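See structure below.
Coordinate-derived values only; no laboratory data. Just so it is clear, the model here is predicted, and its values are computed rather than measured. All Cβ positions, even for glycine, are placed from backbone atoms using ideal geometry, and neighbour counts span all protein chains on display.
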Amino acid sequence: MDVTMRVNGFEHRLLLDPRVTLLDALRERIGLTGAKKGCDHGQCGACTVLVDGRRVLACLTLAAQAEGRDVTTVEGLASPDGALHPMQQAFIDHDAFQCGYCTPGQIMSAIGCVEEGHAETAADIREYMSGNLCRCAAYPNIVAAVEQAKPQMAGG
């Protein structure tokens, strides 16, 4: 089937088997490998991307479901001049990663958490980020990063 989606501001028209996941289309057809294939069962969050601004698990989403929609991956966060998104910078500032495998999904989920209004307290952040697992246990630093980035994302 023909699938057209806008990924990080660029339109991509792909001819895909209807069973291809968004994760596989992003990684294998478009060449964006930021979203990771962790469990491939929707349990770890390593594949989290934003579709029309909402968090989705790309391993459980068919590419066909992204037809005509805006997909944002970690590769699309930095500005054209190379300035990092506030959440990316906050993850660096708070050392909110160790091995880094889960980091793209954590960052995308953290952005979604803030934009959905679920980052009012540290407890809220922990709850609404609970679908993203970190085997290295950088959770306190991730919460601190979200708390730092939230006001910057709101413009002040």
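Here are a few things to note about the model shown:
- Neighbour cut-off at most 15 other Cβ (10 Å), DSSP loop, GluC sites (Glu not before Pro), the stretch 78-145: GLU116, GLU120
- Spin-label pair HIS41-GLU11: with each label point 7 Å from Cα along the Cα-Cβ axis, the two points sit 4.0 nm from one another.
- With R₀ set to 35 Å, the beta-carbon distance separating GLN152 from THR33 gives a calculated FRET efficiency near 0.85.
- 12 Å beta-carbon shell around ALA122, net charge (K/R +1, D/E -1): -2
- Residue among ILE125, ILE107, PRO18 farthest towards the positive dipole end of the chain, charges placed on Cβ: PRO18
- Only helical runs count toward this figure. For the chain, summing -39,500 (n - 2.57) over DSSP H runs of n ≥ 4 and dividing by all residues gives -8500 deg cm²/dmol at 222 nm.
- Between ILE142, ILE125, ILE30, the Gaussian network model of the chain with springs among Cα atoms under 10 angstrom shows the greatest mean-square fluctuation at ILE30.
- Principal axis dimensions, the chain - Cα atoms, whole angstrom, descending: 44, 33, 26
- Relative to the longest principal axis of the Cα atoms of the chain, the long axis of helix 139-153 lies at roughly 80 degrees.
- Computed on the chain, with alpha-carbon pairs under 8 angstrom and 6+ residues apart, the relative contact order is 24 percent.
- The stretch 86-153: mean projected area of Cα convex hull, nm²: 3.7 nm²
- Top positive-direction residue, dipole computed over the chain with Cβ charges, set ALA46, PRO80, MET153: ALA46
- Think of each Lys and Arg Cβ as +1 and each Asp and Glu Cβ as -1; about the Cα centre, that makes the dipole of the stretch 86-153 roughly 220 debye.
- Protection proxy ranking of 14-21, 107-114, 60-67 - average other beta-carbon atoms within 10 Å, highest first: 107-114, 60-67, 14-21
- The mean of 1/r over all pairs of different alpha-carbon atoms in the stretch 29-118, once inverted, gives a Kirkwood hydrodynamic radius of 13.5 Å.
- Over all projection directions, the Cα-based convex hull of the stretch 2-76 averages an area of 4.1 nm².
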